[in-house]
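Participant: Before we start, here is the structure in question, set down as structure tokens.
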Amino acid sequence: MAQKENTQTLVQNSARFYCSICKRRTKGFKSQAGLQRHETLKHIAYNTPPQHIRSVPKSELLHLKRVIVKELQKRLKNHHTAVGEQTFSIHCSEDAFVGLFKKHITRYSPCGSSYFCSFKGEGAFDEIGRLLNDKNWGKRNYGEGQLSFVRLYVSEEFENNSYKQKKKSRLSVNGEMTVKWKVTGGKDKENHKFEAGSAQFRFFLDQCQI
Ligand SMILES: [Zn+2]
């Protein structure tokens, strides 16, 4: 009789999704989406990386830093139409991502296996410069005083004067760079999966005359 009860509990458990962050045992969620909603509501600031993360050699991290700077620089275009939101992705392992961004991860979602970082404010440009070992990581000089750069800070005065008339969607990303890591890919009809870790960068490109 006891054995039968055990089996029943197991079956029930396998059909439910449990939060790995909550210390108290809860009754779980019916779907992964339910668990994801719970995480977003209750654990938006959870940023402890999981146990399975392994350390990555410094040389690999150095390579990753160079890849990021190279891809960013390619997107710091000179033409005025380039001003606005820019995104790009690079392939990057979970270990390497955590190795590089560990102190800057603002959210880790165990259920979605995803990480989120946000950089903004007056000191953010130099902060990323130290992280990537390149103080010019986010600006590109086109000569004759023309500069394209990643905007991470908007002074209140500037915002009030020049940006009031511009589109709302522009405002929302202006002055922040976000980096998200997750597994992306797909599967075919035979359930053959093709997936790999990917870091997506989103930033606001601006230009000025110096
Ligand atoms: Zn929870």
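Participant: Could you give every pair whose Cβ atoms fall below 6 Å, whose first residue belongs to the stretch 110-127 and is free of Cβ contacts under 8 Å to residues at least 40 places away in the same chain, and whose second residue is of a type in the set (A, V, I, L, M, F, W, C) and crowded, with 20+ Cβ neighbours inside 10 Å, counting only separations of at least 6 or pairs across chains?
Facilitator: From residues that are free of Cβ contacts under 8 Å to residues at least 40 places away in the same chain, the pairs are PHE125/LEU152.
Participant: Restricting attention to the stretch 20-36, report how many residues are away from the ligand (no atom under 11 Å from the Cβ) and free of Cβ contacts under 8 Å to residues at least 60 places away in the same chain.
Facilitator: Total satisfying the criteria: 5.
Participant: Select from the stretch 170-181 the residues that are surrounded by fewer than 17 Cβ atoms within 10 Å (Cβ to Cβ) and in contact with a strand residue (DSSP E or B) (Cβ under 8 Å, 6 or more places away or on another chain) and write down the one among them that is modelled with the lowest pLDDT.
Facilitator: Among residues in the stretch 170-181 that are surrounded by fewer than 17 Cβ atoms within 10 Å (Cβ to Cβ) and in contact with a strand residue (DSSP E or B) (Cβ under 8 Å, 6 or more places away or on another chain), the one modelled with the lowest pLDDT is ARG170.
Participant: So how many residues does the stretch 65-84 have that are over 22 Å from GLN209 (Cβ atoms) and at pLDDT below 95?
Facilitator: Qualifying residue count, the stretch 65-84: 0.
Participant: Of all residues in the stretch 42-57, which are within 9 Å of the ligand (Cβ to nearest atom) and either without any contact (Cβ under 8 Å) to a residue 60 or more places away in the chain or not hydroxyl-bearing (Ser, Thr, Tyr) (or both)? I'd like the intermediate steps shown before the answer.
Facilitator: Step one: filter the stretch 42-57 for residues within 9 Å of the ligand (Cβ to nearest atom), giving 42-43, 46.
Residues satisfying the conditions are LYS42, HIS43.
Participant: Give the residue, chosen from GLU94, GLU5, that is acidic (Asp, Glu) and modelled with pLDDT of 95 or more. Spell out the reasoning first.
Facilitator: Details: GLU5 fails: modelled with pLDDT of 95 or more.
Exactly one of GLU94, GLU5 is acidic (Asp, Glu) and modelled with pLDDT of 95 or more, namely GLU94.
Participant: From the list GLU60, GLU85, which residue is acidic (Asp, Glu), free of Cβ contacts under 8 Å to residues at least 60 places away in the same chain, more than 16 Å from the ligand (Cβ to nearest atom) and touching a helix residue (DSSP H, G or I) at 6+ places or on another chain (Cβ under 9 Å)?
Facilitator: The conditions single out GLU60.
Participant: Could you go through the stretch 25-32 and let me know if any residue there is in a helix (DSSP H, G or I) and at pLDDT below 95.
Facilitator: yes
The values are calculated or read from the model by the stated rules, or taken from the named source; none is laboratory data. As the structure is a prediction and not an experimental result, all values here were calculated from the model. Every residue, glycine among them, receives a Cβ derived from its backbone with ideal geometry; neighbour counts consider all protein chains shown.
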